Each structure stands twice: as C-alpha cells, then as structure tokens.
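The structure's right below; bear with me while I get my questions together.
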Amino acid sequence: MRVPSTLKEPAGISDQYDTAAEKKEIEKYLFLYLYDRSKIVVTFALQALTDFAVDDKKMQPRIVRVLKEFLQTGSPAIKSRSQKLLKVLQEGLSKPPESN
C-alpha cells in the first residue's frame, strides 16, 4: 500500500491502494469505523466508502443502504453528511454510462 506524501499528494483514501486485495482490506476497516463512538470517524468512513462507491458500481447499492440507515439513526451531523453523500450516489446511479 502506498503512503501519500502530505506535501505532494491529496489524502484521498480511494486512490491509495495498489491491488484489489488492498482495496478490500481498506473497505473492511472503513465498515468497522462506522461503529466508532466518534462522530467524525463515522463521517469520514462514510465519505471514504462513498468515494469508493462512486467508482465501483457493484458497491453502490450497499453504500446507499448504509447511508439511508444513518439518515434514520445518526446524529444531526451524520444525518446531514449522509444526505449529501446519498445525493452524490443517486445522481451517479441515474446517469447513463459514459461512452469512450
């Protein structure tokens, strides 16, 4: 797994893996972080999972379900972020695939 240089690269998690196995490992930990007591940790995990789902169509339905669950059960900050992230994914789901 590449470690980004904070001076040269953005800290986006979704582009910080080299193999599918590394991506799965990151996803596993992000899902675990959804149960953290810290609201900011949960918020960042939701953001990172959404970033993954934007590029991974198979993952999108699962993340949409997670976001909808947090809309019902999360703190006000988590509900707000979940609503914004859900909008991003739903817009992506309704767009036709780009042709090359």
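Every number here is computed from the coordinates shown, using simple stated rules; none is lab data. Note that this is a predicted model, so its numbers are computed, not measured. Because the Cβ atoms are built from the backbone with ideal geometry, glycine has one as well, and the counts that use them run over all protein chains shown.
Sort Ser38, Ser80 so the one with the fewest other Cβ atoms within 10 Å of its own Cβ comes first.
The order, fewest Cβ neighbours first, is Ser38, Ser80.
Output wanted: per-residue J couplings in Hz (rounded whole) for the range 31-38, from phi through Karplus 6.51 cos²θ - 1.76 cosθ + 1.60, θ = phi - 60°, x for Gly and Pro.
5, 5, 5, 5, 9, 5, 6, 6
For the pairs Lys24/Lys57; Lys58/Lys79; Lys24/Lys79; Lys58/Lys87; Lys39/Lys68, note any where the Cα-Cα span goes beyond 21 Å.
In this structure, Lys58/Lys79; Lys24/Lys79 lie more than 21 Å apart at Cα.
State, as an integer percentage, the relative contact order of the range 13-94 based on alpha-carbon contacts under 8 Å between residues 6 or more apart.
Numbers: 63 pairs, mean separation 19.1, N = 82.
Value for the range 13-94: 23 percent.
Give me the Kirkwood hydrodynamic radius of the range 13-94 in Å, from all C-alpha pairs, to one decimal place?
Working: mean 1/r = 0.0788 Å⁻¹.
Its Kirkwood hydrodynamic radius stands at 12.7 Å.
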